[in-house]
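Accompanying notes for the structure given below.
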Amino acid sequence: MNRPIKNSRKLSRDVAIVGAGMSKFGAFPGISSRDLFLDAFQEMRLSVDRGFDPREIEALYIGNFSSDIFEGQGHTAAILADWTGLTPRPATRVEDACASSGVALRQGILAVASGLYDIVLVGGIEKMTDMPTSQVTDALATASDTLYEVPAGFTFPGFYAAMATAYMHAYGASVESFMRVGLKNHENGALNEKAQFGATIRQVMDKKIAGALAKGRPAPQWEDELAFLKDERANPVIAWPMRLFDCSPISDGATALLLVSAEIARNFSEAPLYVVGSGQASDAALHDRDTLTALCSAQLAAREAYQMAGVSARDIKIAEVHDCFTIAEIIATEDLGFFPAGQGYRAAEEGLTSRQGSKPVNTSGGLKSKGHPVGASGAGQVVEVWKQMRGEAGARQVAGTLDLALTHNVGGTGQTSVVHIFERR
Ligand code: COA
């Protein structure tokens, strides 16, 4: 019998984030994911205001999609426990495709909330760039339904292209609507020293012009950024209507968070972030859904997180959402209730999701510009929220009191979604 889903869930005790760090995201030949994880771990250690002894960590939860395929290394969590000197602590790898470290975070929260542990390390890693793009594409496609979808020719750009065309048909969005998301996320990423593509679209254009001139070729002429993004040569179609600058890149990177029970949070941090909402849901693969223009799992995960936190979409000051493709950000802002269905693209066009807008989204640059080392991305979203809520985001700092923030991490085409809400008290 299918029991109805419980309306409101609560954690048995409160949990706080007291440290957060990440490696730079990008392509790092010759550097293994374990070394990238050490970078993230070290930055996390330094971010703990009152310091701590890593030997106090009682357990690890590590998000990783597929180091087996990408690096020929399975059993990732135990490897990282050893590399960080944390053996014999229990180390658990969490795999939920691109939502791996968002779900690892949830597992860490549940472990602390249950009372089993007081101090837990949550992290994520992925090292994707040692393989050619075609092989990475095949590896990523294993996160879809390989029985029905891969034989039909689907890849991840293809899935999100299908969602984008359905969305355009349903609501009248245009390719320009998607380009606005890419433009905005590159503006933000240009202010993030950890971003893989830390350049605005204008800076990308200028670099291409300088490169052509240096080779003695005529300088390309683009009227503005949109003209550049509409130029087939500068911004080729990957899977129509998704072009190069609508796609997150292939990335290496690692992230680390320190979670503790709320009652001891102030022993570690002057400004902890309290986890007030957590929601997770699953769904069928894309071919087997009623709609292509929304992710039901994200809507359910958001509802659970909002109910747990006792807040609504209106209360959220900033959000990091899963923009693996530009269409995904637009759909996310609707699934999370920031804008009504079919209005997310207008909000993007009107700049409502920019740093100065009413609902800043992906101030880090998002997966599009910051990079998307898939298993590390969910915890990476929390690193940005950590910086923003503590007023440590430098040039990309959002003004005002950021007392509530949200992260939204998606696995595959939405077979998994996980949403978290954080409070700064
Ligand atoms: N956005 C902007 N520029 C990008 C880019 C991206 N996503 N990916 C690569 N580039 C740039 C490179 O920096 C390089 O620029 P240069 O010529 O000035 O040096 C150029 O494009 C070619 O790079 P290359 O690595 O050869 O690109 P590619 O064609 O092999 O890969 C994609 C491009 C879009 C196919 C690849 O990034 C991709 O598959 N992205 C999606 C990943 C994905 O599906 N993740 C899971 C989501 S659920």
>> Any residue in segment 384-409 that is in contact (Cβ under 8 Å) with a residue 24 or more places away in the chain and under 29 Å from L295 (Cα atoms) sitting within a Cβ distance under 8 Å of a residue that is part of a strand (DSSP E or B) and of a type in the set (D, E)? List the pairs, counting only those 6 or more apart or interchain.
In response: E384/E320; V385/E320; D403/E423; L404/E423; A405/E320; L406/E320; T407/E320; H408/E320
>> Take A40 and tell me if it is crowded, with 21+ Cβ neighbours inside 10 Å and either at pLDDT below 95 or in contact with an Asp or Glu (Cβ under 9 Å, 6 or more places away or on another chain) (or both).
In response: no
>> Restricting to segment 1-29, and then to whatever is at pLDDT 95 or above and of a type in the set (G, A, S), can you tell me which residue is farthest from A199 (Cα to Cα)?
In response: A16
> Within the group S47, S32, S66, which residue is under 15 Å from A379 (Cβ atoms) and hydroxyl-bearing (S, T, Y)?
Replying inline: S47
>> Checking the condition under 30 Å from R202 (Cα atoms), touching a Phe, Trp or Tyr at 6+ places or on another chain (Cβ under 9 Å) and either in contact (Cβ under 8 Å) with a residue 12 or more places away in the chain or surrounded by 21 or more Cβ atoms within 10 Å (Cβ to Cβ) (or both), which residue from D252, D288 passes?
In response: D252
> How about segment 18-32: which of its residues are under 17 Å from the mean Cα position of the chain (by Cα) and part of a loop (DSSP other than H, G, I, E, B)?
Replying inline: S23, K24, F25
> Somewhere in segment 146-159, is a residue in contact with a helix residue (DSSP H, G or I) (Cβ under 7 Å, 6 or more places away or on another chain), modelled with pLDDT of 95 or more, of a type outside the set (F, W, Y) and surrounded by fewer than 19 Cβ atoms within 10 Å (Cβ to Cβ)?
Replying inline: yes
>> Every residue in segment 50-77 that is buried (at least 18 other Cβ atoms within 10 Å of the Cβ), within 15 Å of F37 (Cα to Cα) and not polar (S, T, N, Q), please.
In response: L60, Y61, I62, G63, F65, E71, A77
>> Just the residues that are of a type in the set (F, W, Y) and under 24 Å from M131 (Cβ atoms), please, taken from segment 47-106.
In response: F65, F70, W83
> Quick one: in segment 363-389, which of the residues that are polar (S, T, N, Q) and within 9 Å of the chain's Cα centre (by Cα) is nearest to T413 (Cα to Cα)?
Replying inline: S377
>> Please pick out the residue among A399, A405 that is in contact with an Asp or Glu (Cβ under 9 Å, 6 or more places away or on another chain), modelled with pLDDT of 95 or more, more than 16 Å from the ligand (Cβ to nearest atom) and not in a helix (DSSP H, G or I).
In response: A405
>> Please go through segment 257-294 and give me each residue that is among the hydrophobic types (A, V, I, L, M, F, W, C), within 16 Å of the ligand (Cβ to nearest atom) and in a loop (DSSP other than H, G, I, E, B), ordered by number.
In response: A285, L292
>> If T200 satisfies all but one of (1) touching a Phe, Trp or Tyr at 6+ places or on another chain (Cβ under 9 Å); (2) within 15 Å of N235 (Cβ to Cβ), what's the number of the condition it fails?
In response: (1)
> Based on what the data block shows, is L213 more than 16 Å from the ligand (Cβ to nearest atom) and either farther than 19 Å from S248 by Cβ or out of contact with any Pro (no Cβ under 8 Å at 6 or more places or on another chain) (or both)?
Replying inline: no
>> Take the conditions surrounded by fewer than 24 Cβ atoms within 10 Å (Cβ to Cβ) and more than 17 Å from the chain's Cα centre (by Cα) and apply them to P90. Does it pass?
In response: yes
> Would you pick out the residues in segment 224-256 that are part of a strand (DSSP E or B) and within 11 Å of the ligand (Cβ to nearest atom)?
Replying inline: V237, I238, A239, M242, R243, C247
>> Looking at S358, S377, S369 in this structure, which one is of a type in the set (S, T, Y), at pLDDT 95 or above and away from the ligand (no atom under 16 Å from the Cβ)?
In response: S358
> When N409 is evaluated against the numbered criteria (1) surrounded by fewer than 24 Cβ atoms within 10 Å (Cβ to Cβ); (2) within 17 Å of the chain's Cα centre (by Cα), which criterion, by number, is the only one it fails?
Replying inline: (1)
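The values are calculated or read from the model by the stated rules, or taken from the named source; none is laboratory data. Keep in mind it's a predicted model, so treat the numbers as computed, not measured. FYI the Cβ positions are ideal-geometry reconstructions off the backbone, even for glycines, and counts take in every protein chain you see.
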